[in-house]
Every structure is written in C-alpha cells, then in structure tokens.
Amino acid sequence: MIYLIAIGVFAGLLLALAALIAVAERVLVNYGICNVDINAGERPLDVDGGQTLLSALYTNKLFIPSACGGKGSCGFCKVTVLEGGGPVLPTETPYLSRKEVRSGLRLACQVKIRQNIRIRVPDDMLNVKMFTASVAGTREVTHDIKEIRFALHDPPEISHRPGQYVQVQAPSPDGPVFRAYSISSPTYEKNEVELNVRLVPNGIGSTYLHNLKEGDPVTFTGPYGEFVLNEDPAVEIICVGGGCGMAPMKNIIYSLYSRWPDRQCWLFFGCRSARDVFYLQEFQALARKHPSFHVFYALSDPVGPQEQWDGEAGFIHLSVDKHLEAGVRRQAFLCGPPPMIEAVTRVLAEKGLRPQDIFYDKF
Ligand SMILES: Cc1cc2nc3c(=O)[nH]c(=O)nc-3n(C[C@H](O)[C@H](O)[C@H](O)COP(=O)(O)OP(=O)(O)OC[C@H]3O[C@@H](n4cnc5c(N)ncnc54)[C@H](O)[C@@H]3O)c2cc1C
Ligand code: FES
C-alpha cells in the first residue's frame, strides 16, 4: 500500500512539474517569428514561434490529416522535418517506424516551432482545401448507419481520388474537433460529397452528423488519403469492407465502372447480421449491368430464424479465400476494423498480392 501511495505521489509531482514547465514556457519564453520553409521554398511561411507545427500549418490553410485533432493519438499528421524540429519525442515513437525516424518523419502535432524549420510535405497535401457546404439530404441505411449528402458551396467543386476521405468539423464543449469520414460518392459527382456514418454511442463527431437536418451548414477539409487506383484495366480490383467500411468501396466501384465498364472487380462485404446489410440491392443491380462485377456479402453471426439470408456466412476473409484463385494481377482496397484487415491481408498475400498492391484504412 505504501508503495502505491509513493508511486502516486511521484507521478503527481512529475505531472505538476510538466504542467509548470509548459506554463512557464508559454509565459516566459518568446520564440519570436520563425520561418517555416515548405518543399524548398514552394510555400514559405512566417509564423509565431511556440505553437505546434500542425497548428501553424492549419492557421495558414495548409491542412495536414489529423484525425485525433492534434492529441498525438492517431499518427496521421506525419511530415518530413529536414531541419529545426528538435529531437523526436516519446509521444511520437509509437507511431513512427525506425525507417521513418531515420528519414526525418515527425508528427506535426508534437513538433513545437522554436526556430526556423524546413519541412517537406507530399504535393497532394498542398491541394487540400477547406469546404463550406450544407446538408442536401440524409437517409438511414441501417439501424445505426446514415447516408449523409453535402451540397458544396465554397469551393463549389471537389476533385478527389476513389477511396479518399474528408475531415468534418464538429462542435464540442472544448471547441471544434475534426473527424475523418471516407467519401462514398463517386469521383464524377463534383458538387456533392456523400458519407456513410455509423453512430458511435456518445461519439462527438458521429452524433453531430446523425443529428444534422437538410439545409444545416457544415465545414470540412479534404480530400486526404493514399488510395491510388491502378490505371491498368487489366489489373483486377478487390474491395473488402466491414462495418462502416463501405463508403470508400462504393466510391471506388462506381468510379471504376464509369471509366472501365468491363473491368474485373470484386466486392466482399462483412456484416454481423442481416440488419447490418446495406447497398446490397444497388450492387446487385450494378452486377447485372456489368457482369465483370462480383458481389459477396457474408454474415459473421449465426442467422436467426426470422432473418431471411441466402448469402454467405462466416468471417469475410473466408469468402475472399473461397472465391479468389491465386496468381492473378490484382490490387486490393480494404476498409474496416483492424482484425478484419489483418485476416484479409494474410489471405491476399497467400493469393500472391504484393504488399504495395494492398491499400487499407483501419477504423
Ligand atoms: C481514414 C478514416 C476514415 C473513416 N471513415 C469513416 C466512415 O466512412 N464512416 C464512419 O462511420 N467512420 C469513419 N471513420 C471513423 C470516424 O473518424 C470516427 O472515429 C468515428 O465516427 C467516431 O468518432 P466520434 O467523434 O463519434 O467518437 P469519439 O467522440 O471520438 O469517441 C467516443 C467514444 O467512442 C469510442 N469510439 C471511437 N470510435 C469508435 C468506433 N468506431 N467504435 C466504437 N467505439 C468507438 C471512443 O474510444 C470513445 O470512448 C474513419 C476513420 C478514419 C481514420
Ligand atoms: S493529429 Fe493525431 S497524432 Fe497528430
């Protein structure tokens, strides 16, 4: 017992000391104006020192992915710091591989600007914009997932790649927060953005989105994400989704068939029970129009007598294993909970897919 009290007191002292140092740094230390050099002079910025790199970039309308809003818990805000970033912090190491640390990658929300700093960001990120829009419509597609459409106002058009996502701004008692949602509308729909949002109990972003009504104003940034569709139509496309991981798949499939009506594409979608199934009829209609499109939904929980289900049963990686033969040139996009992604990745590797041909978003 005495040891526990001693540990508690010691931890409390450390926390108090850290808070004191943070306050002292804010009040006493003035870093003045610092220069942020982006991509060797492409976008030079003069910013107030003392703030994080993420907030300095955000204030200057350079939107880095930041699903956790700068708390250091998503690992999304990686940028290459070439000079002036100081040492890598213990809060960053869980999200950076040794190779990434060697190449200068850092979490922008953890790097404090204390001097001039030189960074490199992918060109894609310089094109991310902030959009103002309004809700064009909402529709319940399952008991806990809503399809929500935004009509874009400023700018009035978005240009995105299949599988990319946006970060929606939601109000919270501690100020605005951003949450990532994949775009479910296809790339040829330039004036609207559609999302599929699953309601997380007490979740800030999903509750806000589920309560939106037609005409309500919304703000989001985007597009983000590293999904890149192979442009060679001979390469088959595999989409595997689970839970609310349908949105990027829908975007990829409709975008793909608008360009290549005969391209081979496979959709595998895993749900828990029949009440979680959505878009099945739409995809079956698409498959009748494009015989090169193959659709498989599988339910993981035993089907009750009241549930009419003549599709597959079991985890979705088993369906992938059953239907795909090995040794075909393919690219795969996976989206859903981490255990599903890991199981499907293993199956795809056994079928001969190379790691660089497998893209995924875990959520
Ligand atoms: C790249 C990317 C794309 C995404 N695309 C989509 C999408 O298309 N549709 C979609 O619905 N979501 C998507 N997400 C997840 C989304 O960003 C939010 O994390 C999710 O909506 C929960 O946010 P919240 O603000 O409602 O909950 P929070 O306020 O962040 O969390 C509330 C509580 O719920 C817990 N929690 C958080 N997330 C989950 C979860 N998924 N399941 C159960 N408990 C949880 C937290 O630990 C916390 O205790 C995506 C995430 C990423 C990273
Ligand atoms: S914004 Fe999430 S880790 Fe930096």
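The values are calculated or read from the model by the stated rules, or taken from the named source; none is laboratory data. Quick caveat: nothing in here was measured; it's all calculated off a predicted structure. Positions of Cβ are backbone-derived with ideal geometry, glycine not excepted, and every protein chain shown enters the neighbour counts. Note: accessible area is taken over every heavy atom of the protein model, side chains too, but ligands, DNA and RNA are not part of it. Shrake-Rupley method; radii C 1.70, N 1.55, O 1.52, S 1.80 Å.
What to note about this one:
- Restricting segment 192-238 to residues that are open to solvent by less than 70 Å² (accessible area, probe 1.4 Å) and among the acidic types (Asp, Glu), the residue that is nearest to the chain's Cα centre (by Cα): Glu194
Residue-by-condition table, conditions (1) away from ligand 2 (no atom under 16 Å from the Cβ); (2) assigned to a strand (DSSP E or B); (3) open to solvent by 40 Å² or more (accessible area, probe 1.4 Å):
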{"position": "Thr91", "(1), (2), (3)": "no, no, yes"}
{"position": "Lys99", "(1), (2), (3)": "yes, no, yes"}
{"position": "Met125", "(1), (2), (3)": "no, no, no"}
{"position": "Val135", "(1), (2), (3)": "yes, yes, no"}
{"position": "Arg139", "(1), (2), (3)": "yes, yes, yes"}
{"position": "Lys146", "(1), (2), (3)": "yes, yes, no"}
{"position": "Ile158", "(1), (2), (3)": "yes, no, no"}
{"position": "Pro173", "(1), (2), (3)": "yes, no, yes"}
{"position": "Lys190", "(1), (2), (3)": "yes, no, yes"}
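- Matching entry among Val218, Val200, Val228 (being in a strand (DSSP E or B) and not small (Gly, Ala, Ser)): Val218
- Residue within segment 148-155 that is near ligand 1 (Cβ under 10 Å from one of its atoms), in contact (Cβ under 8 Å) with a residue 60 or more places away in the chain and not β-branched (Val, Ile, Thr) present: no
- Residues being more than 7 Å from ligand 2 (Cβ to nearest atom) and either open to solvent by less than 70 Å² (accessible area, probe 1.4 Å) or in a loop (DSSP other than H, G, I, E, B) (or both) - total across segment 42-79: 21
- Looking across segment 101-123 at every residue that is assigned to a loop (DSSP other than H, G, I, E, B) and surrounded by fewer than 19 Cβ atoms within 10 Å (Cβ to Cβ), the one that is nearest to ligand 1 (Cβ to nearest atom) is identified as Pro122.
- Residue within segment 62-73 that is within 16 Å of ligand 1 (Cβ to nearest atom), polar (S, T, N, Q) and at pLDDT below 95 present: yes
- Here Ala326, Ala349, Ala332, Ala313 are screened, and the one residue that is surrounded by 15 or more Cβ atoms within 10 Å (Cβ to Cβ) and either of a type in the set (A, V, I, L, M) or within 23 Å of Asn251 (Cβ to Cβ) (or both) is Ala332.
- Count of residues meeting criterion [in contact (Cβ under 8 Å) with a residue 60 or more places away in the chain and polar (S, T, N, Q)] in segment 305-344: 1
- Test for Ser182: is it away from ligand 2 (no atom under 16 Å from the Cβ) and of a type in the set (S, T, N, Q): yes
- Qualifying positions in segment 101-123 - within 17 Å of the chain's Cα centre (by Cα) and more than 15 Å from ligand 2 (Cβ to nearest atom): Pro122
- Selection count, segment 188-202, where residues are at pLDDT 95 or above, within 6 Å of ligand 1 (Cβ to nearest atom) and not aliphatic (A, V, I, L, M): 2
- When residues in segment 240-273 are screened for being part of a loop (DSSP other than H, G, I, E, B), open to solvent by less than 10 Å² (accessible area, probe 1.4 Å) and of a type outside the set (D, E, K, R), 2 of them pass.
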